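The structure appears below as structure tokens.
The values are calculated or read from the model by the stated rules, or taken from the named source; none is laboratory data. None of these values were measured; they are calculated from a predicted model. Virtual Cβ from ideal backbone geometry, glycine too; neighbours counted across all protein chains shown.
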Amino acid sequence: MTAGDLTSLEYLPRLPSDRSVGIGCIGAGFIMADCHLVAYRQAGFRPVAIASRDLDRAQAVAQRHQIARAYADYRELLRDPEVAVVDIAVPPDVQLQVIRDIVGHADHIRGVLAQKPLGMNYAEACQIVRLCRDAGITLAVNQNMRYDQSVRACKSLLQRGDLGEPVLATIDMRAIPHWMPWQERLGWVTLRIMSIHHLDTLRFWFGDPVRVFASVRPDPRTRFTHHDGICLYILEYASGLRAMGCDDVWAGPAQEGAAADLGIRYRIEGTTGMARGTIGWPSYPERTPSTLDFTTTASPQWHQPRWQEVWFPDAFVGPMAQLLCALEDRSVPEISGDDNLQTMALVDACYRSATEHRAIELAEILESNHS
């Protein structure tokens, strides 16, 4: 980091000592081919097999990333004795069945990195967590925004106490994502796809809120039927902290001919300091590092630490690294399945709030699955 920081902030993930663990990759689309596998090679991890329904695609990705074996059926990959960890990149309505098949191979498969969202809803995510727990398989969830360098540096600030007690936090996204084909059949746009990143980041920074109020409307650009286009939400914490998000995937008629104003910005105000930052992802494939600026009552100028790493693809080292570290240490992953259930419950609470036009306590979702 540069001299803009007072002392070093922790903005990179811890890496395992043993990077030779065999990783089997299910899915060969963009997120696997251009993010996961690029990051894994940078970190020295060891993908040994990849599977896709499109064997030609699997073979092309295997050749590109020097992966020894490609399979047309992921169940063949699960029988591969070199696969000790499975990295899943499939649509959420497929993931539960994939997990059901994985747990039948617990004799040699020790860990799973599941894609977010962990399931179609909180209840399905609970099933996935139980399946892995009962099989003795360590489950982690690929909530990769936690490993964006700015998000982690800001967490470090909060842990050090530089900002004091958090009072107000905001995340404002004005970006136009590329939607995935499976979203049309599920009727999802933003809450489970984009907002889940921001809701999980707010949990990473501040813990679990008591309740959430959400309001949504369709995105005028997206043609398939959906409700959760443009999403606004307010999280209420027992401490008095309020956190709010605006996830605007419309972002004005930029694709229809108007000038564009795109980006993701966040801001945290605390009793002794303030932080503001940007997330570089909307500029992908241009390498645009996220940023963090902060000021405190003890050091009232703006400090501006900077780095060269970017979220896409560099931060994708983090989710796999924390799973490999957990297996190595016999500990719980930083983004364990159990932890991620709280994020899934928060997303479900947003959907219920938007439907019922009222604030929803997180406990309502958690208790509904155990009633």
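Just to be sure before I move on: is residue 90 in the same structural domain as residue 38 (by TED's automatic domain parsing), modelled with pLDDT of 95 or more, in contact with a strand residue (DSSP E or B) (Cβ under 9 Å, 6 or more places away or on another chain) and crowded, with 23+ Cβ neighbours inside 10 Å in the structure I sent? The answer is no for residue 90.
As a summary of the residue check, residue 339 satisfies the conditions (1) in the same structural domain as residue 45 (by TED's automatic domain parsing); (2) under 18 Å from the mean Cα position of the chain (by Cα) except for the one numbered (1). Within the stretch 261-307, the set of residues being among the acidic types (Asp, Glu) and either farther than 15 Å from residue 168 by Cβ or free of Cβ contacts under 8 Å to residues at least 24 places away in the same chain (or both) comprises 261, 286, 293. State which residue is nearest to residue 18 (Cα to Cα) when the search covers only the stretch 104-116 and only residues that are surrounded by fewer than 20 Cβ atoms within 10 Å (Cβ to Cβ) and touching a helix residue (DSSP H, G or I) at 6+ places or on another chain (Cβ under 7 Å). Per the stated criteria, the residue is 110. For the stretch 212-225, the tally of residues that are farther than 18 Å from residue 175 by Cα and surrounded by 19 or more Cβ atoms within 10 Å (Cβ to Cβ) stands at 2.
Filtering the stretch 245-261 for residues that are in contact with a helix residue (DSSP H, G or I) (Cβ under 8 Å, 6 or more places away or on another chain), among the polar types (S, T, N, Q) and over 26 Å from residue 349 (Cα atoms) leaves an empty set. Please identify the pairs in which a residue from the stretch 166-186 that is closer than 13 Å to residue 269 by Cβ and outside the structural domain of residue 272 (by TED's automatic domain parsing) has its Cβ atom under 9 Å from the Cβ atom of a residue that is assigned to a strand (DSSP E or B) and hydrophobic (A, V, I, L, M, F, W, C), counting only partners at least 6 apart or on another chain. Short answer, once both residue conditions are applied: none. Taken as a whole, the stretch 295-313 holds at least one residue that is within 30 Å of residue 227 (Cβ to Cβ) and of a type in the set (A, V, I, L, M, F, W, C).
Every residue, every condition in (1) surrounded by 15 or more Cβ atoms within 10 Å (Cβ to Cβ); (2) of a type in the set (Asp, Glu), yes or no:
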residue: 228; (1), (2): yes, yes
residue: 231; (1), (2): yes, no
residue: 240; (1), (2): no, no
residue: 254; (1), (2): yes, no
residue: 258; (1), (2): no, no
residue: 268; (1), (2): yes, no
residue: 276; (1), (2): yes, no
residue: 281; (1), (2): yes, no
residue: 287; (1), (2): no, no
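If you filter the stretch 171-210 down to residues that are part of a helix (DSSP H, G or I) and acidic (Asp, Glu), you find that the one that is modelled with the lowest pLDDT is 184. Can you confirm whether residue 125 is within 19 Å of the chain's Cα centre (by Cα), under 19 Å from residue 333 (Cα atoms) and among the hydrophobic types (A, V, I, L, M, F, W, C)? Taking the combined requirement at face value, the residue satisfies it. The single residue among 345, 363, 326 that is in a helix (DSSP H, G or I), small (Gly, Ala, Ser) and touching a helix residue (DSSP H, G or I) at 6+ places or on another chain (Cβ under 8 Å) turns out to be 345. Set side by side, the residues 140, 114, 68, 123 differ, and just one is more than 30 Å from residue 236 (Cβ to Cβ) and of a type in the set (Gly, Ala, Ser), which is 68. Looking only at the stretch 140-170, how many residues end up being part of a strand (DSSP E or B) and of a type in the set (A, V, I, L, M, F, W, C)? Summing the residues that are part of a strand (DSSP E or B) and of a type in the set (A, V, I, L, M, F, W, C) in the stretch 140-170 gives 5. Selection of the stretch 126-161 for residues being surrounded by fewer than 24 Cβ atoms within 10 Å (Cβ to Cβ), among the small types (Gly, Ala, Ser) and farther than 19 Å from residue 305 by Cβ yields 135, 136.
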